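Asker: Please read through the structure below; I'll follow up with questions.
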Amino acid sequence: MEFLEKINQAVLDNKKEIDSWIEWKKSQTRIPFYTSVDLRVSKNKIAAVDTNIFPAGFNNLSERFLSNAVALTKDYKKVVHKSKIKKVLIIPELHTRNPFYWDNILSILNILRNAGLEARVGAISEKKSIMNFKSSSRMQVPAEPVVRKDNRVLLSDFNPDIILINNDFSDSSPPILSNLEQIVTPPPEVGWHSRKKNIHFEFYNKLVSEFSELININPFHFSLQTQLAEDINFEITEDRERLANLSKEMLYELSVYHKVEHPILFIKSNTGTYGMSVMQIEKGEDIIGLNRDGRKKMKVSKGGNLLKEVVIQEGVETIYSNKEPVYYLINGELVGGFYRTNDLRSSVENLNTKGMYFQCLCLDKNGSDCQNFLNPALEIISKIGSLATGYEIDYLLKKN
């Protein structure tokens, strides 16, 4: 905890300069309406290891944090849209079998409605009738198929001002959402069909480098080394050898130049993993000697798509044993968060897998004083993760 306390103090000592820098960066890009940031804290590093532009999991936030979300949504409506938006249409993921996802949609609906907005759920579907989805709490979530009229997306009796996407569109961006006159956030064009992890971390690492200058601390303590490997087929020995050599180079750099005692790496799909296509290694030979089941696991990503690009990424141990903080933001401002916990995993392993569950930051089921457990350093790093998505969105929209 000594390192974390040191960074907390540095953040508090330089709060005015940091806040001004963040506001300046926000003014230069388009921050999505919401983001969630997976954070890792080790004995010498604090890093945003993943940032979700279309976050689920709002149902895991405490009542206090949900109240924060309402207040920030009111600010978003007033500051970003001059209070002109009144009606919001949520476009969710339809193919999930997870009932907790629909608890998430119910939470988003409640946030929007408590912020004074009319909110409904629309479905991009060939079906013509209303679909009802059951949450884990047994509450029904009705979703009416959307229709397009000219350059607007509508329900039969609902003409929204803003379309809020809660679907990462891993295959493609639906044509029905293209070239709308309504506000669409986050842009569907930046779903995982076009997002690339290596691009995101290029922006993230540039931002943490600037932040590090403000507090006069080595940027290694906040960055996440990420190396792209293209045209990889895990069934081909030569490709595994090439990946192993790149991994050895990163392990050597972490060990020799950054004095990491026991460096670990993760090999991941360069697009959204959803817990799939992820392997952890401690040496390059782990890749070369990958068995048949391991090769099969790393051969395809979500939807059975053939995996062609991977990133080699520095692993960060968690000081919280088998927990990692996940922070949620609205318009780049902190809402709150929770711990992702996995009793089946160790401090160096991926926790976002079978056996995970969620706990309030205060570890109190009532969440009565959870606001006091928000961490200044983690707040800034989560804001930088959110900022990085803004620059990433600008890049992808220009590219496409």
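The values are calculated or read from the model by the stated rules, or taken from the named source; none is laboratory data. Since the structure is predicted, the reported quantities are computational estimates derived from the model, not experimental observations. So basically every Cβ, Gly included, is an ideal-geometry build from the backbone, and we count neighbours across all protein chains shown.
Asker: Only one of SER83, SER67, SER62, SER125 is hydroxyl-bearing (Ser, Thr, Tyr) and touching a Phe, Trp or Tyr at 6+ places or on another chain (Cβ under 9 Å); which?
Answerer: Selected residue: SER62, the only one of SER83, SER67, SER62, SER125 that is hydroxyl-bearing (Ser, Thr, Tyr) and touching a Phe, Trp or Tyr at 6+ places or on another chain (Cβ under 9 Å).
Asker: Among the residues of the range 141-159, how many are part of a strand (DSSP E or B) and either at pLDDT below 95 or out of contact with any helix residue (DSSP H, G or I) (no Cβ under 6 Å at 6 or more places or on another chain) (or both)?
Answerer: Total satisfying the criteria: 11.
Asker: Determine whether the range 160-172 contains at least one residue that is surrounded by 20 or more Cβ atoms within 10 Å (Cβ to Cβ) and either among the charged types (D, E, K, R) or modelled with pLDDT under 95 (or both).
Answerer: Yes: the range 160-172 contains one or more residues that are surrounded by 20 or more Cβ atoms within 10 Å (Cβ to Cβ) and either among the charged types (D, E, K, R) or modelled with pLDDT under 95 (or both).
Asker: List pairs: first in the range 18-41 and crowded, with 19+ Cβ neighbours inside 10 Å, second assigned to a strand (DSSP E or B) and aromatic (Phe, Trp, Tyr), Cβ under 8 Å, 6+ apart or cross-chain?
Answerer: Close Cβ pairs (under 8 Å, with a partner that is assigned to a strand (DSSP E or B) and aromatic (Phe, Trp, Tyr)) amount to TYR34/TYR328; THR35/TYR328; SER36/TYR327; SER36/TYR328; VAL37/TYR327; VAL37/TYR328; LEU39/TYR327.
Asker: Scan the range 188-214 for residues that are crowded, with 19+ Cβ neighbours inside 10 Å and either on the phi > 0 side of the Ramachandran plot or of a type in the set (A, V, I, L, M, F, W, C) (or both) and jot them down.
Answerer: VAL190, TRP192, ILE199, PHE201, PHE203, LEU207, VAL208, PHE211, listed by residue number.
Asker: Now, a different point. If I filter the range 86-114 down to residues being touching an Asp or Glu at 6+ places or on another chain (Cβ under 9 Å) and free of Cβ contacts under 8 Å to residues at least 60 places away in the same chain, which single residue comes out as nearest to THR185 (Cα to Cα)?
Answerer: LEU112
Asker: Here is a further query. Considering only the range 223-233, I want to know if a residue exists there that is over 30 Å from THR96 (Cα atoms) and among the β-branched types (Val, Ile, Thr).
Answerer: Checked against the condition, which is being over 30 Å from THR96 (Cα atoms) and among the β-branched types (Val, Ile, Thr), the range 223-233 yields no hits at all.
Asker: Those residues that are modelled with pLDDT of 95 or more and among the charged types (D, E, K, R), I need them from the range 359-400; list them, please.
Answerer: Matches in the range 359-400: GLU379, LYS383, GLU392, ASP394.
Asker: Can you pull out the residues in the range 80-107 that are touching a Lys or Arg at 6+ places or on another chain (Cβ under 8 Å) and either in a helix (DSSP H, G or I) or not assigned by TED's automatic domain parsing to the domain that holds ASP161 (or both)?
Answerer: PRO99, TRP102
Asker: Considering only the range 226-243, I want to know if a residue exists there that is under 27 Å from SER347 (Cβ atoms), assigned to a helix (DSSP H, G or I), touching a His at 6+ places or on another chain (Cβ under 6 Å) and not small (Gly, Ala, Ser).
Answerer: No, there is no match, as no residue in the range 226-243 is under 27 Å from SER347 (Cβ atoms), assigned to a helix (DSSP H, G or I), touching a His at 6+ places or on another chain (Cβ under 6 Å) and not small (Gly, Ala, Ser).
Asker: Same structure, new question: Among ARG120, ARG138, which is in a loop (DSSP other than H, G, I, E, B) and of a type in the set (Lys, Arg)?
Answerer: ARG138
Asker: Quick check: anything in the range 283-299 surrounded by fewer than 21 Cβ atoms within 10 Å (Cβ to Cβ), over 23 Å from the mean Cα position of the chain (by Cα), part of a loop (DSSP other than H, G, I, E, B) and in contact (Cβ under 8 Å) with a residue 60 or more places away in the chain?
Answerer: Yes, that holds for at least one residue.
Asker: I want to confirm something. Restricting to the range 219-256 and keeping residues that are more than 25 Å from the chain's Cα centre (by Cα) and polar (S, T, N, Q), which single residue is surrounded by the fewest Cβ atoms within 10 Å (Cβ to Cβ)?
Answerer: Step by step, filter the range 219-256, then rank; the result is THR237.
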